[in-house]
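First the structure, in the form of structure tokens, and then the observations on it.
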Amino acid sequence: MYSTLCSRFIESFNRNPRKNSVYNPTGLVDGIIIHHTATVGVSAENTARCFQNASRQASANYIIGNDGCIVCSVPEEFRAWTSGSREADYKKITIEVCNESGRPDWKISKAASDALVNLCIDICRRYKIVPYFNNTKKASFTFHYMYQATECPGPYIKSHIYDIINQITYGLTGDQKPEPKPEPAKDTFFIRITCDVLNIRRGPSTRYKIVGSIKDKKKYTIVETSNGWGRLKSGAGWIFLDYTKEVK
């Protein structure tokens, strides 16, 4: 079985039946592991053909190319050899995403990112997976580095995971996207706005409702940041920091 979103099926036999008496007695899927291929200029099709080589002892359930093409390499009822952890791979579907650029960021294209979101929506819907990430193995979405000493899936995917989860959640429910996890906190700092009126929103994105505005040039305290937004100490909400300047 594989997602109807797939463009190609290039089968690898580097796999095991997902149901396993030790690692997955029920044979059920409970999550997704996101990887990157750590290659630039290699298509999803060519990556899948590499996984057909038995000597590589590697595979993935899905590979996503820069163009957004989704290739199934290992059907979902099989465990792929992807994450260096039998316990993880037996229970989770693994996705390799091709890179648009190399070190240090290992970026992925917008087409690849969109395809990743859509594929994850499809998988989560079929297996009733609630998407969440908390940087631990207990989450429904995890990364390769949690199971092996590796940089995978690279800084770009790591830094965008909360937005990816938000998009998946929105695709599943249509509800207001949950608030992203705040960036590592810097010390509390002070700002003044540099425009006539600056909206205050319920969360750190224009997707959130406007709950107020600032029209004066008073000094305000920011206690948390996320994706270029700052949370006001007063609890009023979040403001976009591009329209502010930091003051002492």
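Taking θ as phi - 60°, what are the ³J(HN,Hα) couplings along the range 224-234 by the Karplus curve (6.51, -1.76, 1.60), each to the nearest whole Hz, with x for Gly and Pro?
Couplings: 7, 10, 7, 6, x, 10, x, 8, 6, 4, 5 Hz.
Give a residue-ordered list of calculated ³J(HN,Hα) values for the range 15-25 (Karplus: 6.51 cos²θ - 1.76 cosθ + 1.60, θ = phi - 60°; whole Hz; x for Gly, Pro).
Using θ = phi - 60°, the values come out as 6, 9, x, 5, 6, 9, 5, 8, 9, 7, x Hz.
Where the only charges are on Cβ atoms (+1 Lys, Arg; -1 Asp, Glu), what is the dipole of the chain about its Cα centre, to the nearest 20 debye?
On the way: 35 positive and 24 negative charges, 166 e Å.
It works out to roughly 800 debye.
Quickly work out the T136-to-T188 label distance, labels modelled 7 Å from Cα along the C-beta direction, and quote it in nm with one decimal.
2.8
Considering the dipole of the chain built from charges on the beta carbon (Lys and Arg +1, Asp and Glu -1) around the Cα centre, which of I168, F78, Y2 is farthest to its positive end?
Selected residue: I168.
Could you go through the range 239-248 in sequence order and give the Karplus-derived ³J(HN,Hα) for each residue, using 6.51 cos²θ - 1.76 cosθ + 1.60 with θ = phi - 60°, rounded to whole Hz, and x for Gly and Pro?
Whole-Hz 3J(HN,Hα) from phi for the range 239-248: 10, 7, 6, 5, 9, 9, 10, 7, 10, 8.
Can you give me the long-range amide H partners of I200? Hydrogens built in the peptide plane at 1.01 Å from N, cutoff under 5 Å, separation of 5 or more residues or another chain.
Under 5 Å from the amide H of I200 lie the amide H atoms of V211, G212, S213, I214, each far enough along the sequence or on another chain.
In the range 57-100, what GluC sites (Glu not before Pro) fall in a loop by DSSP, with at most 14 other Cβ atoms inside 10 Å?
Listed in order of number, the matching sites are E77.
By how many degrees, between 0 and 90 and to the nearest 10, does the Cα long axis of helix 110-127 differ from the longest principal axis of the chain?
70
Match the structure shown to one of the listed values (1) 1.35; (2) 1.06; (3) 0.98 of Rg/Rh (Cα atoms, Kirkwood Rh), computed from it, and give that label.
This structure yields the entry labelled (2).
Rounded to the nearest 500, what is the 222 nm mean residue ellipticity of the chain from helices alone, with -39500 (n - 2.57) per DSSP H run of 4+ residues and division by all residues?
So the calculated ellipticity at 222 nm is -6000 deg cm²/dmol.
Values in this text are rule-based calculations from the coordinates and carry no lab data. This one's a predicted model, so the numbers in the text were calculated from it and none came from an experiment. Virtual Cβ from ideal backbone geometry, glycine too; neighbours counted across all protein chains shown.
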